[in-house]
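Notes for the one structure printed next.
The values are calculated or read from the model by the stated rules, or taken from the named source; none is laboratory data. Remember, predicted model here, so these are calculated numbers, not experimental data. Note that each Cβ is placed from the backbone with ideal geometry, even for glycine, and that neighbours are counted across all protein chains shown. Side chains are part of the model used for accessible areas, which takes the heavy atoms of the whole protein and leaves out ligands, DNA and RNA. Shrake-Rupley method; radii C 1.70, N 1.55, O 1.52, S 1.80 Å.
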2 protein chains.
Amino acid sequence: MSRLDSFIRRLEAQRACLDLAAHLVRELDGDVLELGLGNGRTYDHLRQLFPDRKIYVCERRVAAHPDCVPPAELLLLGDMRDTLQTARDLLGGRVALAHLDPATGDVAASRALAAQVAPLIVPLLRPGGVLVSEPAIAWRGLSPMALPEGLTSGRYNLYRCVSCRS
Amino acid sequence: MSRLDSFIRRLEAQRACLDLAAHLVRELDGDVLELGLGNGRTYDHLRQLFPDRKIYVCERRVAAHPDCVPPAELLLLGDMRDTLQTARDLLGGRVALAHLDPATGDVAASRALAAQVAPLIVPLLRPGGVLVSEPAIAWRGLSPMALPEGLTSGRYNLYRCVSCRS
């Protein structure tokens, strides 16, 4: 399997998980939180899945396609390890779906970041909210969920917030 | 269709075209030419398709994944509008498959570059060689070929070199 193959497989897994997560939270009010904007492709997908919800976006420095830049009032600009702390007043317990995919290209670095931010994300989730994440996350209150059909375990990850007010 | 959807579709089209092109040149001796290395994903795919051929790579400045950096002797470093000129002695009429995908993110810029480099690529191709290109290219000696099944016309492009010594 080439890097092109595995990249395509990863994007397909990401999309399938986001689509399933959107279905899972369809009856749960709340905002959406995109952790990392990048070029804005996933943000654009979230916009289409959630045309009527606020989508907050954490990003250090916006470098997305001009069509995919979030409105300023929904941008949490800076290192997400800081901005997620300060977002707690704004978003605590209000997020129905969060998506974390640092995609640093460095597996160890992505995992380390995920471990740092998981405790900051979880208090923002509504009970019953869903976290979609590329690095696997082990954190109290998050319960792993079945992946979309056809996806091998661990390729992407879905968690349900079962007890999030830590 | 979101930008994520269209990106996945584009990568799938790219891979399908490269796979078909590899099949089409299986009985044609010659080198492979990758025009633009980027992160090296497509180069890695070409390596797997052509384990026994030399794969020359044009790149301005190597910034690929460390596993996907070509051997120095096969790297044509610099602006491809220059390096393709000087590569003519080395590669003229010897390339069985070339792949051009500037992927600048700017459609007009990619098309302009393709128009500039097409006259430099074509003399490098063997008669019967195949050019796989994301911007469509109109140039004498290049004959458009049918795409892999399922791909809409124009999503990616395949050309056979029918008279390449311009």
Sorted from shortest, what are the nm distances separating the label point of residue B:69 from equivalent points in the other copies, each placed 7 Å from Cα along Cα to C-beta? 3.5
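Over the whole of A:33-42, what's the average partner chain Cβ count within 10 Å per residue? Rounded to a whole number, please. Mind dumping the intermediate values first?
Values: counts 0, 0, 0, 0, 0, 0, 4, 2, 7, 4.
Shielding by partners across A:33-42 averages 2.
By the scheme Lys and Arg +1, Asp and Glu -1, what is the net charge of all other residues having a beta-carbon under 13 Å from that of residue B:15? Let's see the in-between values first.
Working: positive: A:3, A:9, B:9, B:10, B:41, B:155; negative: A:5, A:12, B:12, B:19, B:44, B:101, B:134.
Its environment carries a net charge of -1.
Taking a probe of 1.4 Å, how large is the accessible area per residue of the protein assembly as shown, in Å²? Intermediate values should be presented prior to the final figure.
Working: 15570 Å² over 332 residues.
I get 47 Å² per residue for this part.
What does the net charge come to around residue A:134 if you take all other residues with beta carbon closer than 11 Å to its beta carbon, with K and R at +1 and D and E at -1?
Overall, the nearby charge balance is +2.
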Name the residue farthest towards the positive end of the dipole of chain B from the options B:158, B:20, B:4, assuming +1 on Cβ of Lys and Arg, -1 on Cβ of Asp and Glu, about the Cα centre. B:158
Rounded to a whole number, what % of the accessible area of the protein assembly as shown do carbon and sulfur atoms account for, probe 1.4 Å? 48 percent
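So what is the orientation-averaged projected area of the protein assembly as shown, using the convex hull of its C-alpha atoms, in nm²?
Average of the hull's projected areas for the protein assembly as shown equals 17.6 nm².
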Name the residues whose placed amide hydrogens come within less than 5 Å of the amide hydrogen of residue B:60, ignoring near sequence neighbours (fewer than 5 apart) on the same chain. B:37, B:78
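If you take each beta carbon of peptide B:2-14 and count the beta carbons of other chains within 10 angstrom, what is the mean?
Mean number of neighbouring Cβ atoms from other chains: 6.
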Under 5 Å between amide hydrogens, which residues at least 5 positions from residue B:125 or on another chain qualify, with H placed 1.01 Å from N in the peptide plane? B:93, B:95
For chain A: relative contact order, % (alpha-carbon pairs under 8 angstrom, 6 or more apart): 23 percent
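Please tell me the relative contact order of region B:31-100 in percent, rounded to the nearest whole number, where contacts are Cα pairs under 8 Å and at least six residues apart.
41 percent
Using only protein heavy atoms and a 1.4 angstrom probe, determine the accessible area buried between A and B, summed over both sides, in Å² to the nearest 100. Spell out each step's value before the answer.
Numbers: alone 8770 and 8760 Å², together 15570 Å².
The buried area between A and B, both sides summed, comes to about 2000 Å².
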Anisotropy class of region B:4-78 from Cα gyration tensor, a/c 1.5 cut: oblate
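In terms of the Cα gyration tensor, with a ≥ b ≥ c the square roots of its eigenvalues, is region B:79-166 rounded because a/c is under 1.5, prolate because a/b exceeds b/c, or oblate?
Details: a/c = 2.13, a/b = 1.20, b/c = 1.77.
Oblate, since a/c reaches 1.5 and b/c is not below a/b.
In terms of the Cα gyration tensor, with a ≥ b ≥ c the square roots of its eigenvalues, is region B:13-166 rounded because a/c is under 1.5, prolate because a/b exceeds b/c, or oblate?
Values: a/c = 1.17, a/b = 1.14, b/c = 1.03.
Note, shape of region B:13-166 comes out rounded.
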